[in-house]
Amino acid sequence: MKKLLTIAGIIVLLSCISFAFSNKDKEAAGSSQKEKIINSAEPGLSDPSAGALRGLKQFFEYSGFNNVTAGHLVMILVGLFFIFLAIRFNYEPLLLIPIGTGILIGNIPFLQAEGVNLQLGIYQEGSVMNYLYFGVLKGIYPPLIFLGIGAMTDFSSLISNPRLMLLGAAAQVGIFLTFLGALVLGFSPPEAGAIGIIGGADGPTAIFLSSKLANGINIMADGTTVRNLIGPIAIAAYSYMALVPVIQPPIMKLFTTRKERLIRMKPPRAVSRIEKIMFPITGLLLTSFISPGSLPLLGMLFFGNLLKESGVTKRLAETARTSLIDIVTIVLGLTVGASTQADVFLTSESMLIFILGALSFMIATAGGVIFAKVMNLFLSKENKINPLIGAAGVSAVPDSARVVQNIGLKEDPSNHLLMHAMAPNVSGVIGSAVAAGILLSFLL
């Protein structure tokens with residue numbers, strides 16, 4: 001609980017600082033950049049010493065020291081904080097270190113003015129980061145991530161106990177409640193849909209949906225253009241994924257009694273090879289018919305799983321779950337982090353997104369736990385479900401399942417819940433992608 005309060009306090013403090021300085025910095029940066037353009041247009045002097053002095057002055061004007069703002073410093077602190085969390089507490093290091101480094105890269109100050117394109121920033125046409133960011137804007141990276149996840153996921157626990165899929169579905173309540181909350185706070189329907197998906201605690205899905213609904217390009221029926229919220233939504237989603245071990249345990253304990261946390265579940269049955277092969281094929285057809293908008297994500301997820309379970313494409317499966325997903329994770333993390341450029345990221349909307357994302361994730365966790373308790377009302381004593389596994393219904397795989405395992409072992413060192421928790425955990429991945437497809441079909 002102390003860790004949660006500390007982290008929450010730091011995030012709130014940084015949010016207040018950034019909000020207080022962002023507008024002032026933008027005005028100051030704009031006026032200073034105009035002066036630089038005027039100064040650069042002055043005719044050269046014949047005096048060599050004066051020319052050298054002018055060259056030094058121009059060098060300084062282009063340096064980060066002359067262009068830094070409080071917003072840049074705030075975002076650099078956030079990037080360092082992400083790296084600290086990854087190294088010190090081992091919170092999703094494969095995600096937070098690339099994202100944290102990307103935040104540092106995206107917030108190195110440089111000269112930005114009308115008519116000047118140094119091709120450095122992620123939003124400047126022709127820059128390397130801008131080309132890499134194309135995969136985020138067009139939703140290319142998330143399906144590739146899903147391909148790797150499918151190739152490394154074992155769906156046996158879900159196949160052996162299909163009713164646990166309901167827990168993964170129940171946890172998606174956070175998505176739709178947050179969607180309604182975002183509408184109340186003044187976000188447009190497409191923007192609210194992209195914000196709501198944060199509740200699934202699935203970074204790739206959040207990026208995919210926001211790249212379609214809140215990309216700063218789409219024009220709504222009233223003629224206005226949606227805001228570009230990809231950066232804030234992606235950072236919020238990955239932040240809460242990393243903080244699963246901090247956020248979930250208090251909620252799990254709040255909604256369960258010690259007696260419920262001690263419930264022992266029957267071991268899952270053995271699953272045949274033919275069942276493992278048929279599952280991705282059946283899942284692909286069923287989910288895509290229900291929600292065609294989820295096809296880019298779930299199509300790749302089930303394809304990756306088929307590569308793994310078929311037994312005849314080991315090389316492809318190995319590439320998908322190792323080299324491919326590692327490369328895409330690096331590029332995705334760096335570009336998402338770099339998209340938090342201070343002059344674009346530090347807005348009141350970003351702060352609201354972080355608050356709504358936190359609420360969404362908490363509601364999703366509580367929804368899964370509460371629904372497990374409801375299911376127990378209709379199950380016989382020997383088939384009771386430990387409500388802790390309902391928290392794994394969010395699609396932070398396998399972190400939520402590990403949290404369930406750890407909480408269960410603290411209550412009873414001989415009660416292993418990991419395999420049981422993996423069922424709602426992987427169904428949460430499917431559920432959040434289906435929810436994204438449904439939102440896409442209504443709001444695009």
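Tabulated results
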read-out	value
Residues (within 30 Å of Val271 (Cα to Cα) and of a type in the set (Ser, Thr, Tyr)) located in the range 160-218	Ser160, Thr205
Residue within the range 321-332 that is hydrophobic (A, V, I, L, M, F, W, C), over 22 Å from the mean Cα position of the chain (by Cα) and surrounded by fewer than 23 Cβ atoms within 10 Å (Cβ to Cβ) present	no
Scope the range 46-71; condition within 28 Å of Asn107 (Cα to Cα), part of a loop (DSSP other than H, G, I, E, B) and not β-branched (Val, Ile, Thr); matching residues	Ser63
Selected residue [of a type outside the set (Asp, Glu), surrounded by 23 or more Cβ atoms within 10 Å (Cβ to Cβ) and at pLDDT 95 or above] from Val369, Val394, Val312	Val369
Top-ranked residue in the range 115-143 [being among the small types (Gly, Ala, Ser) and in a loop (DSSP other than H, G, I, E, B); ranked as surrounded by the fewest Cβ atoms within 10 Å (Cβ to Cβ)]	Gly115
Residues that are of a type in the set (Phe, Trp, Tyr) and either more than 22 Å from the chain's Cα centre (by Cα) or buried (at least 23 other Cβ atoms within 10 Å of the Cβ) (or both), drawn from the range 144-185	Phe146, Phe155, Phe179
Among the candidates Gly231, Gly293, residue that is within 28 Å of Ala366 (Cα to Cα), at pLDDT below 90 and assigned to a helix (DSSP H, G or I)	Gly231
Test result for Leu167, at pLDDT below 95 and touching a Pro at 6+ places or on another chain (Cβ under 7 Å)	yes
Residue pairs meeting the criteria (Cβ under 7 Å; at least 6 apart or on separate chains; first on the phi > 0 side of the Ramachandran plot, in the range 108-123; second at pLDDT 85 or above and surrounded by 13 or more Cβ atoms within 10 Å (Cβ to Cβ))	Gln119/Ser127
Test: Lys253 is assigned to a helix (DSSP H, G or I), of a type in the set (D, E, K, R) and surrounded by 15 or more Cβ atoms within 10 Å (Cβ to Cβ)	yes
Counted residues, the range 181-228 - those being part of a helix (DSSP H, G or I) and either closer than 26 Å to Ser427 by Cβ or among the hydroxyl-bearing types (Ser, Thr, Tyr) (or both)	22
Complete set of residues in the range 359-388 that are among the basic types (Lys, Arg) and either within 17 Å of Gln248 (Cβ to Cβ) or assigned to a helix (DSSP H, G or I) (or both)	Lys373, Lys381
Verdict on Ile97 being of a type in the set (Val, Ile, Thr), surrounded by fewer than 20 Cβ atoms within 10 Å (Cβ to Cβ) and under 17 Å from Ser339 (Cβ atoms)	yes
Inter-residue pairs, beta-carbon under 8 Å, first within 21 Å of His420 (Cβ to Cβ) and aromatic (Phe, Trp, Tyr) and in the range 163-181, second in a helix (DSSP H, G or I) and modelled with pLDDT under 95, 6+ apart	none
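The values are calculated or read from the model by the stated rules, or taken from the named source; none is laboratory data. This one's a predicted model, so the numbers in the text were calculated from it and none came from an experiment. In this analysis, Cβ positions are derived from the backbone assuming ideal geometry, glycine residues included, and neighbour counts consider all displayed protein chains.
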